[in-house]
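So the structure is just underneath, and the comments pick up after that.
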Amino acid sequence: MATILIIDDDDAFREGLAETMQDLGHTPLEARSGEAALERLRERGAPDCIFLDFRLPGADGLAVLESLRGMAGMQNVPVVMLTAHATSDNTIGAMRLGAFEHLTKPVGRNEIATLLARMLAAYPDAAATPVFSDETPSREPQLLGVSDAMRDVQKRLGRAAGTHSTVLITGETGTGKEVAAQVLHRASARSGGPFVAVNCAAIPPELLESDLFGHGKGAFTGAHAERRGRFEQAHGGTLFLDEVGDMPLAMQAKLLRVLQERQVTPLGTNRPVAVDVRVVAATHRDLPAMVAAGTFRQDLLYRLNVIPLHLPPLRERIADILPLAEHFLSTLAASPDAAHKRLSADAQRMLVTFHWPGNVRELANAMERASALAPGALLTREDFAFLFDTNASGNDAIPVSLAELTLNDALAQLERALIARALALTDGNRAEAARRLGISRQSLYTRLANLGMFDA
Ligand SMILES: Nc1ncnc2c1ncn2[C@@H]1O[C@H](COP(=O)(O)OP(=O)(O)OP(=O)(O)O)[C@@H](O)[C@H]1O
Ligand SMILES: [Mg+2]
């Protein structure tokens, strides 16, 4: 149950929204203009969240949002912006100022209910209770997330855990594919059995077969003793085939046969061994595209993809960024009661607009690095400046996702990413962003328009 301030001059809409919130068990407060709202806030303090219309008499929504962010105690209150017509410009403007969400009118009851649940989970108010505090504080891997997208992933994972079907996990680097595989194993009936991980990209192709299927004594030069393969090691448990997209074609054929027959024949023997293994595969590659290109077998893709599980990139689930950041900060604190470092409002704003090419892994590393190096207890935007320092952080390597695109598409993506970065770093100041990028302001405008990044 939360106190929610609705700022909108459209009486019918505002009252309707207030009624819905009351229905959902919350306490709505109403204001017809930004000025009235600000006065109310000064008198009564911060609500749990604010719904703010863009077009208002007097100061418009963005101006009100900006004033709010400057008010003591108001920096972290989540704000949902409302518009009749969403444009990329007002969306970007709102997100840049740290709005939690941007909704287009009319908004349905269900939309409000899920949004409020997500928001209240992401912003456990000033008392700063860790968002994930109710989760097991163990060392076991956890697939945390409060966004709709991650809730869907968690639900699907839970359903998959109840079956023995093969699962194919896809997602960019650092999105949690390995964590998902471990969580799936732990949640399954096989949790008492072994979890065996094989990185298909890290093992030389000529060794992969004996690694997976094992070999008999004298199977090849150097095979002095017989060795059980990973499939046998995973008997009764889960075999995690990581980077399955990197498996050579010849090996793909053999894997397919094993998956169909549920038995392996160790190299240099002709004794098939039955194996009871659930296979979970993962890749950051686009397997359908590889099938089209003839580098991945379609029949194997069907075999693996019985239950697909896609982990969206972090930039597509903005609601997860701050809760995860908080989580990493609190686990970094030396002891559970030790005070951990906190994020300033401007750091929070920067983190939610950053595009996180390395996803959750990069976020975790950024929290570790910033809290190790920052002098104070409050981490500010400057403490994360290294995120924009392409050379020092190794971000100048070509991301694998880009390597798979046509040159034009890759250049457009890179341009978009660099511009978004410059805008995030300068808090949306286009003149300064252009200067950082070494281009004229006019050129930045043209590029933004060409890339569809704003409607000029
Ligand atoms: N949802 C999450 N909750 C908590 N931690 C996460 C989550 N997702 C990822 N992590 C953390 O991020 C790091 C990277 O995760 P993981 O190794 O599973 O990524 P990956 O998708 O397998 O990446 P790659 O493709 O590079 O192998 C790990 O330290 C993991 O603990
Ligand atoms: Mg991985």
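Just so it is clear, none of the values below were taken in a lab; they were calculated from the coordinates. What you see is a predicted model; the values in this text were computed from it and never measured. Please note: Cβ atoms are built from the backbone with ideal geometry, for glycine as well, and neighbour counts cover all protein chains shown.
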Quiz item: Fewest first, what order do S191, S344 take by the number of other Cβ atoms within 10 Å?
Solution: S191, S344
Practice problem: Give a residue-ordered list of calculated ³J(HN,Hα) values for segment 226-233 (Karplus: 6.51 cos²θ - 1.76 cosθ + 1.60, θ = phi - 60°; whole Hz; x for Gly, Pro). | Solution: 7, 9, 6, x, 4, 4, 5, 4
Quiz item: Listing V196, V179 from the residue with the fewest other Cβ atoms within 10 Å to the one with the most, what is the order?
Solution: V179, V196
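Could you tell me how many cubic angstrom of Cα convex hull volume segment 317-450 has per residue? Present the calculation step by step, with values, prior to reporting the outcome.
Values: hull volume 16.1 nm³, N = 134.
Measuring per residue, one finds 120 Å³ for the Cα hull of segment 317-450.
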Quiz item: Check G214: other-chain or 5+ apart residues with amide H under 5 Å from its amide H, H built from backbone geometry?
Solution: G229, R230, L267
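Restricting to Cα pairs below 8 Å that are 6+ residues apart, what does the relative contact order work out to for the chain? Please round to a whole percent. Numbers along the way, then the final one.
Values: 711 pairs, mean separation 59.4, N = 456.
Reported as a whole number, the value is 13 percent.
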Quiz item: When the C-alpha atoms of segment 3-122 are aligned to their principal axes, what extent does each axis show, in angstrom, from largest down?
Solution: 34, 31, 29
Quiz prompt | Residue list for segment 29-71, given a label point 7 angstrom along the Cα-to-Cβ vector of K105 and an amide N cut-off under 18 Å | solution = 29-37, 50-65
Exercise. Check cross-link reach from K155 to the lysines: straight Cα distance under 27 Å, and skip same-chain residues fewer than eight apart.
Key: K177
Self-check item: Using θ = phi - 60° and Karplus 6.51 cos²θ - 1.76 cosθ + 1.60, couplings along segment 246-256 (whole Hz; Gly, Pro as x)
Solution: 8, 7, x, 4, 4, 6, 4, 4, 5, 4, 4
Quiz item: In a Debye calculation with equal point scatterers on the alpha-carbon sites of the chain and no solvent, what is log10 I(q)/I(0) at q = 0.11, 0.12, 0.13, 0.14 Å⁻¹?
Solution: -0.99, -1.12, -1.24, -1.35
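What percent do you get for the relative contact order of segment 148-311 when only Cα pairs under 8 Å and 6+ apart count?
On the way: 299 pairs, mean separation 55.3, N = 164.
34 percent.
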Practice problem: Using 0.36 nm per residue of separation minus the Cα-Cα distance, give me the extension gain between V306 and A113 in nm, one decimal. | Solution: 66.2 nm
Exercise. Would you mind computing, in nm to one decimal, how far apart the modelled labels at T269 and N199 are, each placed 7 Å from Cα along Cα→Cβ?
Key: 2.8
Quiz item: Tell me, what are the semi-axes, in whole angstrom and largest first, of the equivalent ellipsoid of segment 175-296 as set by the roots of 5 times the Cα gyration tensor eigenvalues?
Solution: 23, 20, 12
Quiz prompt | Mean separation of Cα contacts under 8 Å, 6 or more apart, over the residue count of segment 299-377: relative contact order % | solution = 36
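Would segment 180-223 count as rounded, prolate or oblate if I go by the C-alpha gyration tensor, calling it rounded below 1.5 in a/c and otherwise prolate when a/b exceeds b/c, oblate otherwise? Write out the running numbers ahead of the final one.
Numbers: a/c = 5.51, a/b = 2.11, b/c = 2.62.
Here segment 180-223 falls in the oblate category.
Within a 10 angstrom radius of the beta carbon, how do M247, M1 rank from fewest other beta carbons to most? Intermediate values should be presented prior to the final figure.
Values: M247 24, M1 8.
Sorted ascending by nearby Cβ count, the order is M1, M247.
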Quiz prompt | Karplus-derived 3J(HN,Hα), 6.51/-1.76/1.60, for each residue of segment 103-110, Hz, glycine and proline x | solution = 10, 9, 6, x, 10, x, 4, 5
